[in-house]
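Since every read-out is calculated from the coordinates, none of them should be taken as a lab result. The model shown is predicted, which means the values in this text are computed figures rather than measured ones. Every residue, glycine among them, receives a Cβ derived from its backbone with ideal geometry; neighbour counts consider all protein chains shown.
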Amino acid sequence: MKDITLGLVGVGRIGVMHANNIAALNGVLHPQGINVRLRLTDVAAEHTRAVAAGLGAEFLPSVEALLGSAIDGLVIATGTGTHPELIRAGVDVGIPVFCEKPVALNVAESLPVLDYIRANKGTVQIGHQRRFDAGYLEAKRAYEGGELGWIHSLRAVTCDMMPPPVEFLATSGGLFRDCSVHDFDILRWLTGREIVEVYAKGSNKGDPAIGGVGDVDTALAVVTFDDGTLGSVGASRYNGAGHDVRLEIQGSAGSLMVGLDEKAALASAEPGVGFPSGASHRTFAERFDQAYRSEMAAFVELVLGQRDNPCTPEDAVAASRVADAAQESLETGLAVRVAAAVNI
Ligand SMILES: NC(=O)c1ccc[n+]([C@@H]2O[C@H](COP(=O)([O-])OP(=O)(O)OC[C@H]3O[C@@H](n4cnc5c(N)ncnc54)[C@H](O)[C@@H]3O)[C@@H](O)[C@H]2O)c1
């Protein structure tokens, strides 16, 4: 049996999920002769000790102790502001790093991290899990195969049922950088095209505290691709119908929607239509369960040297450029050319 050991820092909302998924990977990997061990650290020591105990993982008291414990790969799931420092620390140890999106709070803070990774020949996979989702993969296949003809519109939507804590929002970089960045990434990945202009609007009708930390609870960005194709990216923190993530692609020969299944978080207004009939997803963890599992399996393959990096830091920063432009448009009320966005 070949042992590999992953270290994970940040055992919060998403870190707990990644830890569970890593632990569950052994069910698949043991028959292949691979055993994955897991070590966890977080400043919230008591909570992390309990999570580690529940998973048969090891608790380490600090990032330094974790990095000094001969791990083969590092998973970073702390808040966004800490990503640059922790990515550098992982690269310094010479191991592959998985870091949750985004690379940093904005593009300006991301560029020195990219330079550092390149200068030190680091391998860093960024957590845009939708690239592993079955629906998005099928849409990419159909798009690339020309099955939809020429594309006239792409409409992306990402809505949470309830906002995360305001303390999280205060450090998240805003709705576009925290949430819509997934749609900006997937639009680039799926089309192989760049978004060159963004015009964004936002509103606050929910908890005034969200406006108090400079964010909006709902937003819409009109995007233009480099071939003139039009798209829109909508997001809200208050979607009572469920966690709603969809992408509609309309072309001259056909249309396709990602996320349109029995669990879609919407109802038809047409009489007699019972679709969708299932209970909607409640959280991103439910909606992308398969994608998060596949993403972590891909990171293990990256650690084992069995695959290329499925989401490079350059990819992630390209999506962040669009998010920065959207944020600038939101603040100025003007359409913003992505290449000319402030912060680049
Ligand atoms: N890919 C996705 O779908 C997705 C979804 C949610 C969050 N995220 C990203 O994941 C990151 C974490 O988000 P979250 O919602 O889990 O946040 P969270 O606040 O729930 O968890 C962060 C954890 O990191 C710990 N932490 C912070 N700084 C630390 C440090 N220096 N050393 C050790 N521990 C530290 C905190 O104690 C906390 O437990 C964010 O960057 C966010 O953008 C991605």
Whose amide H sits under 5 Å from the amide H of residue 232, counting only residues 5 or more places off or on another chain, with H placed in the peptide plane? 154, 155, 156, 223
Please find, in a Gaussian network model of the chain (springs between Cα atoms separated by less than 10 Å), the residue of 44, 139, 170 whose mean-square fluctuation is greatest. 44
Show me, for the range 218-223, the HN-Hα J-couplings you get by feeding each phi into the Karplus relation (A = 6.51, B = -1.76, C = 1.60, θ = phi - 60°), rounded to Hz, glycine and proline as x. 9, 8, 9, 10, 8, 10
For residue 125, list long-range residues whose amide hydrogen, built 1.01 Å from N in the peptide plane, is under 5 Å from its own amide hydrogen. 97, 98, 99
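May I ask you to order 7-17, 329-339 by the average number of other C-beta atoms within 10 Å around their residues, highest value first?
With the highest mean Cβ count within 10 Å placed first, the list reads 7-17, 329-339.
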Quick one: net charge around residue 32, please, counting Lys, Arg +1 and Asp, Glu -1 for every other residue with C-beta under 15 Å from its C-beta. 0
Highest GNM mean-square fluctuation among 108, 52, 65, for the chain with Cα springs under 10 Å, belongs to 65
With a ≥ b ≥ c from the Cα gyration tensor eigenvalues, square-rooted, and the rule rounded for a/c under 1.5, otherwise prolate when a/b > b/c and oblate otherwise, the range 95-238 is oblate
Considering the options 300, 268, 164, tell which one lies farthest towards the positive end of the dipole of the chain, charges being +1 on Lys and Arg and -1 on Asp and Glu at the Cβ, about the Cα centre. 300
Quick one: which residues, 5+ away or cross-chain, put their amide H under 5 Å from the amide H of residue 216? H built at 1.01 Å from N. 175
Tell me what the chain gives for mean residue ellipticity at 222 nm when only DSSP H runs of n ≥ 4 count, each as -39,500 (n - 2.57), the sum divided by the residue total, rounded to 500 deg cm²/dmol. -11000 deg cm²/dmol
With the cut-off at 1.5 for a/c, could you classify the range 4-69 from its C-alpha gyration tensor as rounded, prolate or oblate? prolate
Could you run the Karplus curve 6.51 cos²θ - 1.76 cosθ + 1.60 with θ = phi - 60° over the range 199-211 and give me ³J(HN,Hα) per residue in whole Hz, x for Gly and Pro? 10, 10, 10, x, 8, 9, 10, x, 4, x, 4, 5, x
So what's the chain giving for Cα Rg divided by 2.2 N^0.38 Å, two decimals? 0.99
